[in-house]
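What follows is one structure encoded as structure tokens, with my remarks underneath.
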Ligand code: ATP
Ligand code: MG
């Protein structure tokens with residue numbers, strides 16, 4: 001960011017506060033604000049997170065900073081993540097409680113109790129060991145949202161083999177790059193899976209990918225997801241998952257006691273801003289942090305049916321479908337399908353049938369629900385819901401309110417959680433039983449988190465002013481390093497605002513934000529997404545909020561081209577030629593000022609998105625400026641890029 005200040009207020013400013021409903025507060029896991037205590041006790045406060053786990057060997061210290069910014073949490077401690085997610089729930093009364101409820105793409109459902117899940121995880125662990133996997137071998141998991149994915153993750157964790165989950169929709173190329181980067185010799189995948197009812201060949205992609213890996217892949221385990229629909233041939237060193245597990249039926253495998261600092265997994269970022277980065281998470285700090293935040297923020301309780309509708313192929317699924325909820329002994333729901341198949345009420349039908357208590361999704365999904373119309377959620381009984389959450393992108397106030405009203409019925413707090421693959425878990429958000437909500441602001445930093453919005457010199461900016469979002473103190477969920485190496489880790493996150501000579505390490509999130517006088521943070525987008533208009537710096541999130549506030553607009557993305565370009569996706573049944581551009585222009589004038597009025601509004605049925613559902617503004621900017629698109633491997637809907645190129649080129 002350069003020396004100039006960002007523009008002032010806009011609709012991205014949080015609206016009036018909404019207190020959490022009393023019905024929620026009276027039973028919330030956290031009813032008192034622990035922030036002051038956390039600050040006084042820091043870093044000792046994080047013992048409260050560690051206490052949520054069972055340790056094989058107690059740790060010596062909460063935090064070691066002698067190798068900063070490579071911090072070690074709960075150093076000297078030993079634990080096993082799978083034992084924490086399974087074994088300890090088997091003692092006590094929880095063994096027959098549902099751990100996992102799976103809703104398949106073809107309408108199937110399957111439930112695993114904690115005991116059943118533990119049995120399959122041990123069989124899978126035995127099978128992997130039998131193939132030669134030993135502690136610290138990286139196992140690549142290339143699976144869709146089927147129960148075998150969390151089973152394989154926990155099996156890896158049990159034997160101390162870090163997993164590298166590759167989102168199932170990624171290409172053969174992306175798979176081979178990740179196998180190679182991790183020097184991974186073992187792979188678990190499937191024959192194929194269903195996409196909107198059609199069988200899709202996954203094994204073909206795998207065979208191609210493996211051919212181009214520079215080292216030997218010693219064993220590939222193939223889950224038969226499709227049965228007869230797509231027979232697959234097993235080559236050398238390829239094994240059928242179910243046969244393999246049957247050969248190890250009933251075997252028990254002792255959980256390996258891992259050092260707290262040992263790797264639990266590697267996970268790639270979404271690739272929204274460039275090439276995806278491989279982020280490494282250690283065991284003790286990460287697991288403590290996701291358990292603590294799932295309890296404090298998602299209010300997860302053992303008796304809940306909890307549903308995070310993300311994909312396990314991204315960090316949200318790791319932290320808040322698998323590790324956090326299972327560490328707390330709750331029932332976590334796993335959904336394989338899409339939100340609109342067979343119909344647009346699919347998610348609400350699942351919520352009703354399973355009496356889901358807590359629902360966590362992405363703003364892009366909520367904007368799609370809004371686009372389709374309130375009749376879909378309203379045609380189901382959603383009264384089991386107690387809490388709603390979002391993650392992944394800023395949520396504009398209009399979308400927030402729609403979610404609060406039409407899905408939550410005005411009775412459920414909405415937590416807008418800001419965090420990153422690198423942070424491991426949530427960083428900024430309201431504590432739902434404690435804090436008032438402000439639609440449009442993620443919220444204050446969580447207890448123990450020292451987030452600051454700073455100017456280019458690293459000085460905190462005044463309330464209302466925008467700057468870079470930084471984190472000052474380490475936290476347990478933080479990444480250990482990057483796959484690209486320790487230097488890349490320091491360069492990417494710790495170089496801009498730190499003063500290593502003074503031992504002063506500051507984490508640079510790469511996001512821009514603004515704080516209000518109450519300490520609520522509004523995330524404005526990436527620092528690189530800023531638009532410069534006549535010397536004023538405008539945030540894309542702010543402009544997009546003003547546009548989405550327009551009745552009839554479902555989604556918008558703003559970028560700099562020859563002037564300000566707004567790509568706008570209208571709601572279902574709305575004809576944009578009937579005055580919509582004028583209303584958008586007026587709304588932007590009112591919210592920010594005429595300087596921010598888009599020079600060009602391009603209507604489009606959809607926007608280019610990453611496979612994890614984020615708008616790729618970088619590509620829209622390149623289209624607007626007629627530039628080369630660069631790395632598009634993260635793109636989910638390439639067809640829209642071609643269409644937009646044509647539209648822009650023609651006009
Ligand atoms: P890459 O780092 O490869 O460009 P990415 O940053 O999208 O991809 P993730 O780690 O999945 O990869 O996403 C983290 C980013 O998502 C954050 O830096 C932020 O920009 C955005 N984000 C997540 N949650 C929120 C939120 N509640 N409000 C605003 N932005 C959010
Ligand atoms: Mg990122």
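The values are calculated or read from the model by the stated rules, or taken from the named source; none is laboratory data. Treat the numbers as computed from the prediction; the structure is a model and nothing was measured. Cβ placement follows ideal geometry from the backbone for every residue including glycine, while neighbour counts extend to all protein chains displayed.
Quick check on residue 188: is it surrounded by 20 or more Cβ atoms within 10 Å (Cβ to Cβ), under 23 Å from the mean Cα position of the chain (by Cα) and in the same structural domain as residue 64 (by TED's automatic domain parsing)?
Numbers: surrounded by 20 or more Cβ atoms within 10 Å (Cβ to Cβ): yes; under 23 Å from the mean Cα position of the chain (by Cα): yes; in the same structural domain as residue 64 (by TED's automatic domain parsing): yes.
Criteria met by residue 188.
With the condition kept exactly as written, say whether any residue in the stretch 257-278 is farther than 24 Å from residue 314 by Cα and in contact (Cβ under 8 Å) with a residue 24 or more places away in the chain. Checked against the condition, which is being farther than 24 Å from residue 314 by Cα and in contact (Cβ under 8 Å) with a residue 24 or more places away in the chain, the stretch 257-278 yields at least one hit.
Tell me yes or no: at least one residue of the stretch 119-133 is within 20 Å of residue 193 (Cβ to Cβ), in the same structural domain as residue 282 (by TED's automatic domain parsing) and part of a helix (DSSP H, G or I).
The initial filter retains those residues of the stretch 119-133 that are within 20 Å of residue 193 (Cβ to Cβ), namely 120, 124.
Add one more test, that the residue is in the same structural domain as residue 282 (by TED's automatic domain parsing), and what stays is 120, 124.
Now narrow it down to the ones that are part of a helix (DSSP H, G or I): 120, 124.
There is at least one residue in the stretch 119-133 that is within 20 Å of residue 193 (Cβ to Cβ), in the same structural domain as residue 282 (by TED's automatic domain parsing) and part of a helix (DSSP H, G or I).
Part of a strand (DSSP E or B), more than 16 Å from ligand 1 (Cβ to nearest atom) and over 22 Å from residue 430 (Cα atoms): is that true of residue 347 in this structure? The answer is no for residue 347.
The rows are residues; the columns are (1) within 16 Å of residue 445 (Cβ to Cβ); (2) surrounded by fewer than 24 Cβ atoms within 10 Å (Cβ to Cβ); (3) touching a residue at least 24 places away in the same chain (Cβ under 8 Å); (4) within 16 Å of ligand 2 (Cβ to nearest atom).
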| site | (1), (2), (3), (4) |
| --- | --- |
| 401 | no, yes, yes, no |
| 418 | yes, no, yes, yes |
| 421 | no, yes, yes, yes |
| 433 | no, yes, yes, no |
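Scanning the stretch 525-541 for residues that are surrounded by 20 or more Cβ atoms within 10 Å (Cβ to Cβ) and within 12 Å of ligand 1 (Cβ to nearest atom) turns up 525, 527, 529, 539, 540, 541.
Residues of the stretch 390-399 that are more than 9 Å from ligand 1 (Cβ to nearest atom) and either under 21 Å from the mean Cα position of the chain (by Cα) or closer than 14 Å to residue 523 by Cβ (or both): 396, 397, 399. Scanning the stretch 270-312 for residues that are away from ligand 2 (no atom under 16 Å from the Cβ) and in a strand (DSSP E or B) yields 282, 305, 306, 307, 308. Set side by side, the residues 298, 226, 287 differ, and just one is touching a residue at least 12 places away in the same chain (Cβ under 8 Å), more than 16 Å from ligand 1 (Cβ to nearest atom) and buried (at least 24 other Cβ atoms within 10 Å of the Cβ), which is 287.
Look at residue 76 and say whether it is at pLDDT 95 or above, out of contact with any helix residue (DSSP H, G or I) (no Cβ under 6 Å at 6 or more places or on another chain) and at positive phi. It is true that residue 76 is at pLDDT 95 or above, out of contact with any helix residue (DSSP H, G or I) (no Cβ under 6 Å at 6 or more places or on another chain) and at positive phi.
Each residue in the stretch 369-381 was checked for being modelled with pLDDT of 95 or more and surrounded by fewer than 22 Cβ atoms within 10 Å (Cβ to Cβ), and 7 of them qualify. Filtered by the rule that a residue be under 18 Å from residue 486 (Cα atoms), away from ligand 2 (no atom under 16 Å from the Cβ) and part of a strand (DSSP E or B), the stretch 253-269 gives 263, 264, 265.
Answer yes or no: is there a residue in the stretch 325-340 that is part of a helix (DSSP H, G or I), closer than 16 Å to residue 419 by Cα and in the same structural domain as residue 58 (by TED's automatic domain parsing). Please lay out each step first, then the result.
First, pick out the residues of the stretch 325-340 that are part of a helix (DSSP H, G or I): 325-327.
Now restrict to residues that are closer than 16 Å to residue 419 by Cα: none.
No; the residues of the stretch 325-340 include none that is part of a helix (DSSP H, G or I), closer than 16 Å to residue 419 by Cα and in the same structural domain as residue 58 (by TED's automatic domain parsing).
Number of residues in the stretch 408-439 that are farther than 15 Å from residue 478 by Cβ, more than 10 Å from ligand 1 (Cβ to nearest atom) and assigned to a loop (DSSP other than H, G, I, E, B): the value is 15. Here residue 316 clears all of (1) assigned to a helix (DSSP H, G or I); (2) more than 18 Å from the chain's Cα centre (by Cα) except the condition numbered (2). With a cut-off of at least 3 residues that are within 16 Å of ligand 2 (Cβ to nearest atom) and in the same structural domain as residue 440 (by TED's automatic domain parsing), name the strands (runs of 3 or more DSSP E) lying wholly within the stretch 546-636. Per the criteria, no element qualifies. Looking for something loosely packed, with under 14 Cβ neighbours inside 10 Å, within 23 Å of residue 280 (Cβ to Cβ) and at pLDDT 95 or above - is there at least one such residue anywhere in the stretch 170-179? No, because not a single residue in the stretch 170-179 is loosely packed, with under 14 Cβ neighbours inside 10 Å, within 23 Å of residue 280 (Cβ to Cβ) and at pLDDT 95 or above. Considering the conditions (1) at pLDDT 95 or above; (2) assigned to a loop (DSSP other than H, G, I, E, B), residue 111 is excluded by exactly one of them, (2). Taken together, the criteria place residue 537 among residues that are outside the structural domain of residue 282 (by TED's automatic domain parsing), in a strand (DSSP E or B) and out of contact with any helix residue (DSSP H, G or I) (no Cβ under 8 Å at 6 or more places or on another chain). With respect to the stated conditions, residue 331 fails to be at pLDDT below 95 and over 16 Å from the mean Cα position of the chain (by Cα). Flag set for residue 453, criterion: more than 12 Å from ligand 1 (Cβ to nearest atom), modelled with pLDDT of 95 or more and assigned to a strand (DSSP E or B).
A quick yes/no check of all residues on (1) under 30 Å from residue 219 (Cβ atoms); (2) over 24 Å from the mean Cα position of the chain (by Cα):
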position: 25; (1), (2): no, yes
position: 29; (1), (2): no, no
position: 74; (1), (2): no, yes
position: 79; (1), (2): yes, yes
position: 96; (1), (2): no, yes
